[in-house]
Structure formats: structure tokens, C-alpha cells
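What follows is one structure encoded as C-alpha cells, with my remarks underneath.
The values are calculated or read from the model by the stated rules, or taken from the named source; none is laboratory data. Owing to the predicted nature of the structure, the values given are computational and were not obtained by experimental measurement. Glycine also receives a Cβ, built like all others from the backbone with ideal geometry; neighbour counts cover every protein chain displayed.
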Amino acid sequence: MDLKAVFEGGTGRRRGTPDSFSENEVRLANRNSGILLESLCDPVTPVGQHYLLIHFDVPALDAATHRLDFAEGFDAPFSIDMAGIRALPRQTRTVTLECAGNGRRGHASRSQSMPWGVEAVGTAEWTGTPLAPLIERARPAAGTVDFVFTGADRGFDDGVEHNFGRSLTPDQLAALDVLLVYEMNGAPLLPQHGAPLRLIVPGWYGMASVKWLSRVDAVQTPYQGFQQVRTYRYRDRAEDPGIPVTEMRVKSLMVPPGLPDWSSRARRVRPGPVQVQGRAWSGGGVPITRVELGWGDTWIDATLTPAETGFAWTGWSCVWPAEPGEYVLRCRATDARGAVQPLDPPWDVAGFGNNATQAVPVLVAEA
């Protein structure tokens with residue numbers, strides 16, 4: 001490994017295929033984790049099974065001393081500790097989060113990064129306090145065009161040293177009902193999930209929900225941080241400026257039926273009626289209106305269980321009449337805007353936003 005190139009010039013990201021993995025990708029896969037698909041039975045994902053993507057190192061922060069600074073660009077800047085945040089009006093919301101790179105492994109040719117299959121998603125009960133009143137208290141200066149949220153995690157990406165940071169415009173902040181979160185599923189946040197404080201931006205991909213939140217700034221020109229403009233953008237080619245990744249695309253997953261093979265995760269079931277279930281979601285609080293289960297050219301409608309809140313996934317189930325043979329099962333969701341999951345991945349040079357249908361190989365045979 002050329003360390004000088006890594007830290008001074010950036011190594012770039014080589015092209016890969018669904019079946020080729022670099023040593024760096026294996027390292028990332030060993031640090032990060034996805035949901036166990038069998039836990040899709042649960043409307044709320046257990047904390048230990050919720051997906052994780054950690055860009056740099058987990059900061060060692062002490063909740064007793066951690067403070068959130070409303071710093072530059074405010075007419076009434078202030079700093080608040082965790083006791084002060086916990087004393088503010090408390091809300092709990094059930095919100096589904098998905099990594100923007102979920103499904104990257106399924107692209108025919110992709111920039112090598114965290115090699116997600118379909119498991120980078122989870123739903124939790126997030127407890128905290130609304131961010132907007134604190135922004136109002138700090139009194140953003142006239143002409144503010146972005147609010148910048150900076151985490152305590154710091155490292156290098158493509159040769160650029162930075163803290164993880166993201167921004168939202170005033171209009172986005174007003175529309176998204178963003179939470180400052182300190183609990184997950186009724187317990188204090190774990191370090192890997194952003195303790196002691198993180199954002200939750202409902203309806204958007206997970207990169208917007210900055211972990212280990214330490215600082216908020218109001219800026220007069222569009223934020224140009226690495227994680228805002230150098231990545232998390234849809235691009236047809238690497239040199240394109242791209243379009244920002246924002247709301248989650250319509251998607252569904254199933255609990256793979258039957259019994260698994262240890263390494264391939266292919267499934268085996270006995271002939272006869274097979275109950276299949278899963279979850280479906282979309283961005284922006286848009287409801288799911290239909291889920292179908294398919295094999296070959298056949299598609300059948302599933303029964304939906306309405307989401308508990310507008311930003312949580314919807315349950316679905318149906319009965320598959322399994323006959324002896326080999327199959328690839330798929331599930332396909334449609335949302336209230338008419339968006340339908342594609343069978344094939346939408347192209348993106350970095351593999352963002354892949355909402356293609358899940359494919360589960362199944363052998364139907366007698367024991």
C-alpha cells in the first residue's frame with residue numbers, strides 16, 4: 001500500500017463488479033454491519049441488528065461533558081450540554097433509516113466502497129427533542145443559506161482530512177422535522193450509533209443523520225464540505241457534478257423463506273403453501289400502496305400492514321404456492337406517488353440509491 005498516496009493525493013476508487021472485492025472493501029465489511037434479514041419480522045429493529053456505517057473511528061465522547069455548540073453565523077450563539085438537551089420537550093418517533101449505498105454490490109460496475117448487499121436498513125424508535133426551536137433560539141443571521149452539522153468523527157477520504165459534516169437548507173430544515181436524538185429503542189444511544197447525540201432526518205438516506213453531533217453553524221454560502229459535495233451525489237460519470245442524494249427511494253425486502261445454506265444463503269423449502277413476509281418503505285413520508293411477490297413472470301399481491309408512523313416501514317405478507325423446482329423470489333413495492341421498484345439497478349457511478357428488487361434463490365424440494 002502506498003501510504004503517501006493514500007493520505008496526500010487520495011487513491012481514488014477502483015472499479016469493481018458484484019463478484020469482485022478489494023482488500024479495502026473486506027476491511028470495511030468487517031467494521032460495518034447490516035440488518036439480519038430474519039429480523040424484518042419485527043416492526044422495530046433490535047439495536048444490535050440495526051445497520052451500521054461508520055466512516056472513520058468511533059469518537060470517545062463523555063455524555064457528562066459533551067456539548068452541542070451553535071457557533072458561527074448565529075446572532076445569539078450558545079452552547080448546551082446533554083442535561084440541558086434532555087430537559088427540553090421530549091419526542092419519540094419510529095423512523096426507518098437506509099444507507100444511501102445499500103445495494104452497491106449489485107451494480108455491474110461500481111466504485112469500490114462499502115460492499116453492501118441489501119441489508120443496510122433498519123427501523124428504530126428514536127427519542128430526543130426537535131432541532132428547530134434550538135435553531136430559532138440561536139437566531140440565524142439574515143441571509144443564511146445552509147445549516148451545517150458537524151460530527152466529532154474525523155479522518156481522511158480520497159486524501160482529504162475532515163470531520164464528517166452535512167448541511168440542510170432552511171427550507172429543508174423546516175420541512176423535515178429533524179430530531180436531536182439521545183435514545184434508541186428506549187435506551188441511551190450506543191457509541192456506534194452516535195452517542196451521546198445525533199441527528200435523525202426522517203425520510204432521507206442515513207448520511208443526513210449526522211452522528212456524534214458536536215457543532216451547528218449557519219453559513220451565507222452553500223456548504224462545500226467533503227461529504228456534501230464530493231460524495232453522496234448521483235453521478236453518471238465520475239467527473240459529473242451530480243445531483244444530491246436526499247430522500248430514500250421506494251424499496252422492499254423479504255424475510256428469506258425456508259432454511260439457509262451456510263455460505264451462499266440460498267434457501268430450501270418444502271412444496272406447498274409458504275408464508276412470505278417482509279417490509280417496504282419510501283422516502284419523504286410517502287406511504288406504500290402495494291407490494292408484490294414474484295417468481296418468473298408471475299406476480300401476486302401481498303397484504304399490507306400499515307406503518308405506525310409516516311416515516312416507518314410497512315409490513316407485508318402473502319402465501320407462495322411453492323411447487324418443486326428452482327426459483328428466484330422477488331418483492332416489488334409501489335408508493336403513493338406511483339414510484340415502483342425496478343427489476344434492475346438504476347445506474348450510479350458510486351452505487352448510490354440502488355432500489356432494485358431483492359432476489360432470493362430458493363430450491364423447493366421434499367426433505
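A few remarks follow.
- Selected residue (only one of V349, V319, V360 is surrounded by fewer than 17 Cβ atoms within 10 Å (Cβ to Cβ) and either outside the structural domain of H50 (by TED's automatic domain parsing) or assigned to a strand (DSSP E or B) (or both)): V319
- All conditions in (1) closer than 29 Å to T314 by Cβ; (2) surrounded by fewer than 19 Cβ atoms within 10 Å (Cβ to Cβ) hold for V250, with the sole exception of (2).
- Hey, V255 in the same structural domain as Q358 (by TED's automatic domain parsing), over 19 Å from A367 (Cα atoms) and of a type outside the set (D, E) or not: yes
- As for the stretch 64-75, it holds no residue that is at pLDDT 95 or above, within 22 Å of V349 (Cβ to Cβ) and not basic (K, R).
- Evaluation of L28 against the conditions (1) in contact with a His (Cβ under 6 Å, 6 or more places away or on another chain); (2) at pLDDT below 95; (3) hydrophobic (A, V, I, L, M, F, W, C) shows that the sole unmet condition is (1).
- Where L176 falls short, out of the listed (1) more than 16 Å from R215 (Cα to Cα); (2) in contact (Cβ under 8 Å) with a residue 40 or more places away in the chain: (2)
- If you go through the stretch 195-229 and keep only what is out of contact with any strand residue (DSSP E or B) (no Cβ under 7 Å at 6 or more places or on another chain) and closer than 21 Å to N32 by Cβ, you end up with just V201.
- Unmet criterion (only one of (1) surrounded by 15 or more Cβ atoms within 10 Å (Cβ to Cβ); (2) more than 30 Å from G159 (Cβ to Cβ); (3) under 25 Å from the mean Cα position of the chain (by Cα)) for R90: (1)
- Single condition E239 does not satisfy, out of (1) without any contact (Cβ under 8 Å) to a residue 24 or more places away in the chain; (2) buried (at least 16 other Cβ atoms within 10 Å of the Cβ); (3) charged (D, E, K, R): (2)
- Top-ranked residue of the stretch 209-241 - restricted to ones that are small (G, A, S) and either touching a Cys at 6+ places or on another chain (Cβ under 8 Å) or at pLDDT 95 or above (or both), ranked as nearest to T65 (Cα to Cα): S214
- Looking only at the stretch 35-69, and only at residues there that are in contact with a Ser or Thr (Cβ under 9 Å, 6 or more places away or on another chain) and within 30 Å of A138 (Cα to Cα), the one that is surrounded by the most Cβ atoms within 10 Å (Cβ to Cβ): L68
- One residue stands out among those in the stretch 270-291 that are at pLDDT 95 or above and among the small types (G, A, S): the one that is surrounded by the fewest Cβ atoms within 10 Å (Cβ to Cβ), which is G272.
- Listed by position, the strands (runs of 3 or more DSSP E) contained in the stretch 105-190 that have at least 1 residues being crowded, with 18+ Cβ neighbours inside 10 Å and polar (S, T, N, Q) are 121-130, 146-157, 160-168.
- Verdict on A367 being of a type outside the set (S, T, Y) and within 21 Å of the chain's Cα centre (by Cα): no
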